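The values are calculated or read from the model by the stated rules, or taken from the named source; none is laboratory data. The model shown is predicted, which means the values in this text are computed figures rather than measured ones. Here the Cβ positions follow ideal geometry from the backbone for every residue, glycine too, while neighbour counts run over all protein chains shown.
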Amino acid sequence: MSTATTTYNFSLPAVGGDADGWGTLLNSNWQALDSILNGDEGSSTINIDGYTVDGMTLTGVVSLSISGGITEQTQALATSGTVDIDPADGTIATISMTGDVTITAGNMVDGQFITLKISSVGANTVTWPSISWMYGVAPTLDQINDNWVNIWKVGTSLYGSYLGYSS
């Protein structure tokens, strides 16, 4: 009599008890694993409840249903000089300016998105990378309040939108 694994219900042959059934049990396990790795376990659903995954890429996903919440990572970036925005380190980034800032996006790849909170601008300036801005012009940042900017990449082009400021 075989038992099963907890997560994917793979058959575990009984030691000394499934001598004639190993081939069937192993073939069944390989077929199930092939379906899981292909993304079509059951009804094209992979249950990842309780799993922590770092660097997982879902390729060919038509839709993704999430119950519960998503927590995005926040990162504090440098306060002056060259600042490279990288959504892989957190999709919400803060820059509390103490001097002029030159923003780069060298690690940003197609399909990534980041929200910037830029504060303490004062008389300092922000130099942006080549970005196609909504309404055709780079934002004039508020010198006192927190400024909010979205930047995303499509193909090899960066796009940006100034959301406004909050106090």
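Where the second residue is loosely packed, with under 15 Cβ neighbours inside 10 Å and modelled with pLDDT under 95 and the first is under 13 Å from Ile151 (Cβ atoms) and among the hydrophobic types (A, V, I, L, M, F, W, C) and lies in the range 70-95, which pairs have Cβ atoms under 7 Å and are six or more apart or on separate chains?
Ile92/Glu72; Ile92/Thr74
Tally the residues that are more than 25 Å from Gln73 (Cα to Cα) and among the aliphatic types (A, V, I, L, M), restricting the search to the range 109-159.
Count: 5.
So which residues in the range 96-107 are crowded, with 16+ Cβ neighbours inside 10 Å and under 20 Å from the mean Cα position of the chain (by Cα)?
If the condition is that a residue be crowded, with 16+ Cβ neighbours inside 10 Å and under 20 Å from the mean Cα position of the chain (by Cα), then Ala105 is the only one that fits.
Search the range 128-147 for residues being touching a Phe, Trp or Tyr at 6+ places or on another chain (Cβ under 7 Å) and not in a loop (DSSP other than H, G, I, E, B), and hand back the single one that is surrounded by the most Cβ atoms within 10 Å (Cβ to Cβ).
Asn147
Quick check, is Gly68 over 14 Å from the mean Cα position of the chain (by Cα), modelled with pLDDT of 70 or more and either surrounded by fewer than 10 Cβ atoms within 10 Å (Cβ to Cβ) or among the aromatic types (Phe, Trp, Tyr) (or both)?
yes
Could you look through the range 129-167, keep only residues that are over 22 Å from the mean Cα position of the chain (by Cα) and among the charged types (D, E, K, R), and pick out the one that is nearest to Met97 (Cα to Cα)?
Ranking the candidates gives Asp146 first.
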